[in-house]
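Just below is one structure, and these are the notes that go with it.
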Amino acid sequence: MEINIEPRIEEVSEKKLIGNRLVMSLSEDRTKELWQGFMTRRNEISNAITSDFISMQVYDSRMSFYEFKETTIFEKWAVVEVKNFLSMPKGMRSYTLFGGLYAVFIHKGLPSDFPKTAQYIHEVWLPQSDYELDHREHFEVLGQKYKNNDPSSEEEIWVPIKR
């Protein structure tokens, strides 16, 4: 596992997303179920902007990161970015990510190494930075370098921040 120590800071504009969502917690992780359901139907989305997949987490806006536990309930989405919502497959959902300021880290390695990356971001980088966590969507971009369960896999981790 390798962590990109210094993230790039990026302002994200609004994104229109289509895909599936499930409610879960870390202790009752349904990520595999979510992605299996989405991947069997991804080709039904005809107006995707890129070939990248986005894994997005939406947390209760009243909760602070320090209150987050294994049993905290959140929404997890498996989506792609689209031009518009005019052509939406039956049973899928739309979501508008309004954007904002993000710190973008590169996670290299297995999904099982992800908690170490998240721990570094929240316990080392954030407290030492000029930023604090913002209450917006967290997401990972699974692009061309992403290889499921491969130690050479890379994904971008987008963490919402504010000054």
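The values are calculated or read from the model by the stated rules, or taken from the named source; none is laboratory data. Because the structure is a prediction, the values reported are computed rather than measured. A quick note on method: Cβ atoms are made from the backbone with ideal geometry, for glycine too, and the neighbour counts reach across all protein chains shown.
Annotations for the structure displayed:
- Meets criteria (closer than 23 Å to SER46 by Cα and not polar (S, T, N, Q)) for VAL82: yes
- Looking across the stretch 30-51, the residues that are charged (D, E, K, R) and over 15 Å from the mean Cα position of the chain (by Cα) come down to GLU33, ARG41, ARG42, GLU44.
- The set of residues in the stretch 2-38 that are surrounded by fewer than 13 Cβ atoms within 10 Å (Cβ to Cβ) and not charged (D, E, K, R) comprises ILE5, SER13, VAL23, SER27, GLN36.
- Qualifying residues in the stretch 58-85 (those that are under 16 Å from LYS15 (Cα atoms) and surrounded by 15 or more Cβ atoms within 10 Å (Cβ to Cβ)) - the one farthest from the chain's Cα centre (by Cα): VAL82
- Only one of the listed residues (SER152, SER64) is at pLDDT below 95, among the polar types (S, T, N, Q) and closer than 23 Å to ARG30 by Cα. That residue is SER64.
- Qualifying residue in the stretch 113-125 (condition: among the basic types (Lys, Arg) and touching an Asp or Glu at 6+ places or on another chain (Cβ under 6 Å)): no
- Of all residues in the stretch 86-143 being over 26 Å from ILE45 (Cβ atoms) and among the hydroxyl-bearing types (Ser, Thr, Tyr), the one that is surrounded by the fewest Cβ atoms within 10 Å (Cβ to Cβ): SER112
- For the stretch 115-158, the set of residues classified as of a type outside the set (Asp, Glu) and touching a His at 6+ places or on another chain (Cβ under 6 Å) consists of THR117, ILE157, listed by residue number.
- Qualifying residue in the stretch 85-92 (condition: modelled with pLDDT of 95 or more and touching a Ser or Thr at 6+ places or on another chain (Cβ under 6 Å)): yes
- Taking first residues from the stretch 20-47 that are closer than 21 Å to PRO89 by Cα and partners that are of a type in the set (D, E, K, R) and assigned to a helix (DSSP H, G or I), the Cβ contacts under 8 Å between residues at least 6 apart in sequence or on separate chains come to LEU22/GLU33.
- Residues in the stretch 35-64 that are of a type in the set (Gly, Ala, Ser) and over 14 Å from ASN148 (Cβ atoms): GLY37, SER46, ALA48, SER51, SER61, SER64.
- Hits in the stretch 144-163 (condition: of a type in the set (D, E, K, R) and surrounded by 15 or more Cβ atoms within 10 Å (Cβ to Cβ)): GLU154, GLU155, GLU156
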